[in-house]
Amino acid sequence: MKKHLLSIGIAGILSLGACTDSVEVAEPERFIRYYGSAYDDEGYAVASLPGEGYLLAGNSQAASPEGTRFTRMYAARTDLNGRVLWERTYGGNSAFTNASHVLADDEGGAILYGTVTSHEGDMDVLLLRTDAAGSVMDSITYGIPGQDDIAATILKTQSGFILGNTIGENGKVTDVALREIDAAGSTLWTENYGNIGPLRSISSVVQTASGYAWAGTVARGSDNEIVLVATDSQGAILSQQNILPEGASSIRSAGMQRTGGQYLLAGNVHTGSGKRIAIMNIRLTGNTFAVEQTKIISGNSDQEINWAEPSGNGGLLLGGYYDNGLSLEDWMLIKTDREGNELWRKSYGSGTGPDEIHHITRTPLGDILLLGTVHFANNSIIALYKTDNQGNILDSTPQ
């Protein structure tokens, strides 16, 4: 197992010329902002700094003097109106580096969790911390030579973090792992779960009375099932359950959240009508899972979600995309109640597609932040929308 500081030279930490073409809206509590470079950029995570602003994370492409494209980890801090305070990339001129998650520390700095190509050519997970100005404080990679370890989920605990990642080789995922680290980044324990079956993903991990529970995807022939796993505080398996809703030929886990005394699990299913969304009400009694109810959210076209966030009323906010009928994908936001019933949905078509919401979070006042990627003129850029608690925002056509 590797644990070392990632070598990041001065040339690899660049303040970007902010690509912040924005749409000013009449109400200051709502905005649409775009970020990134002249090349392709993708937004994957947003965190709220209460009373101060927001942290964004993703990746940004650049080009070497010889014209070679490479990808760097991207992060930005904005004020409450989404205006850039600082914007940086991290990584060298030859590696692939991506931030898939961001958390805020107590000092206003960013904790970035993502993936980096190692010097040996395989992929490792990366935890990078910045101060409130975006300067690197430390960075640590975790991985095993000869295999690809790709960041999947992160959970902040009282003593440190639980890191979830997939494990694969030659582009094929075969296993997932959990790792607990302390505040200094030292590994306390690591557990692999390949004995469950041919695992394809781990989408989320939550704390339970006995330890942790995680949701992922396991192959079932040529299709997939969701797998739920309860563990003790050291990651050892206490129980597991595979789930395939009735009427679905395949399902992929998109996230599990605890809401009150229950868990709501969201997944992307294949049915006879196409790609749809399933919401499952899960009860965990002791260490035993029970699916109490499943709802399939219907629609007139294919739809998929990338993120499920507690809505504040016991339900979920679901973010992803839908097929707009023009062979393009537009942003989609759905709110459900605690039973999984759809309360409302919003769509946002700001680019030339394909566009996707990758992450959702709520502000302390209950407004909704949506972070994702949109396309204009054959380039992808990072987009941040702030809506009211009903998903309302003005027209998103860029000027």
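Quick note: the coordinates plus some simple rules give every number you see, no bench work behind them. Only a predicted model underlies this, so the values are computations on that prediction, with no experimental measurement involved. Note that each Cβ is placed from the backbone with ideal geometry, even for glycine, and that neighbours are counted across all protein chains shown.
What span do the alpha-carbon atoms of the chain cover on each of the three principal axes, reported in whole Å from largest to smallest?
So the extents along the principal axes, rounded to whole Å, are 53, 49, 39.
Using a basic spin-label model with each label point 7 Å from the Cα along Cα→Cβ, how many nm lie between residue 345 and residue 106?
4.3 nm
Of 355, 232, how do they rank once you tally other Cβ atoms within 10 Å and put the fewest first? Mind dumping the intermediate values first?
On the way: 355 23, 232 14.
Ranked by crowding around the Cβ, least crowded first: 232, 355.
Once the Cβ-Cβ distance between residue 170 and residue 69 is put in as r, and R0 is 22 Å, what FRET efficiency do you end up with, to the nearest 0.05? List each step's numbers first, then the result.
Working: r = 22 Å, r/R0 = 0.99.
Using R0 = 22 Å, I get an efficiency of 0.50.
Pairs of lysine in the chain with Cα under 25 Å and at least 8 positions apart or on different chains: total?
14
If the label point is 7 Å along Cα→Cβ of residue 234, which residues in region 170-184 have backbone nitrogen under 19 Å from it?
Only 177-182 pass the distance filter.
Most exposed first by the Cβ proxy, i.e. fewest other Cβ within 10 Å, how do 96, 70 rank?
Details: 96 15, 70 19.
Least to most surrounded, the residues fall as 96, 70.
Where the centroid of each part is defined by its Cα atoms, how far is region 72-96 from region 362-387 in Å?
15 Å
Multiplying the sequence separation of residue 222 and residue 52 by 0.36 nm and subtracting their Cα-Cα distance, what value in nm do you get? Write down the numbers at each step before the final one.
On the way: separation 170, 0.36 × 170 = 61.20 nm, distance 4.75 nm.
This chain segment gains 56.4 nm when fully extended.
Could you give the length gained on full extension between residue 209 and residue 156, defined as 0.36 nm per residue of separation minus the Cα-Cα distance, in nm?
Details: separation 53, 0.36 × 53 = 19.08 nm, distance 1.59 nm.
Gain on extension, residue 209 to residue 156, equals 17.5 nm.
If I take every Cα pair under 8 Å that is 6 or more residues apart in the chain, average their sequence separation and divide by the length, what percent do I get for the relative contact order? Show your work: numbers first, answer last.
On the way: 1158 pairs, mean separation 48.5, N = 399.
Over the chain, the number comes to 12 percent.
Given an 8 Å cut-off on Cα distances and at least 6 residues of separation, report the relative contact order of region 193-315 as a percent.
Details: 283 pairs, mean separation 22.0, N = 123.
After rounding, I find 18 percent.
Determine which residues of region 74-114 fall in the zone a paramagnetic label at residue 137 would reach in this model, i.e. backbone nitrogen under 14 Å from the point 7 Å along Cα→Cβ.
Residues 103-113 fall inside that zone.
How big is region 129-171 on each of its three principal axes, counting only the C-alpha atoms and giving the largest first in Å?
Here the spans come out as 37, 24, 14 Å, largest first.
Once both labels are modelled 7 Å past Cα along the beta-carbon direction, what's the residue 86-residue 300 spacing in nm?
Each label point lies 7 Å from its Cα, and together they span 4.8 nm.
How far is it, in nm, from the label point at residue 182 to the one at residue 362 when both lie 7 Å from their Cα along the line to the Cβ?
3.5 nm
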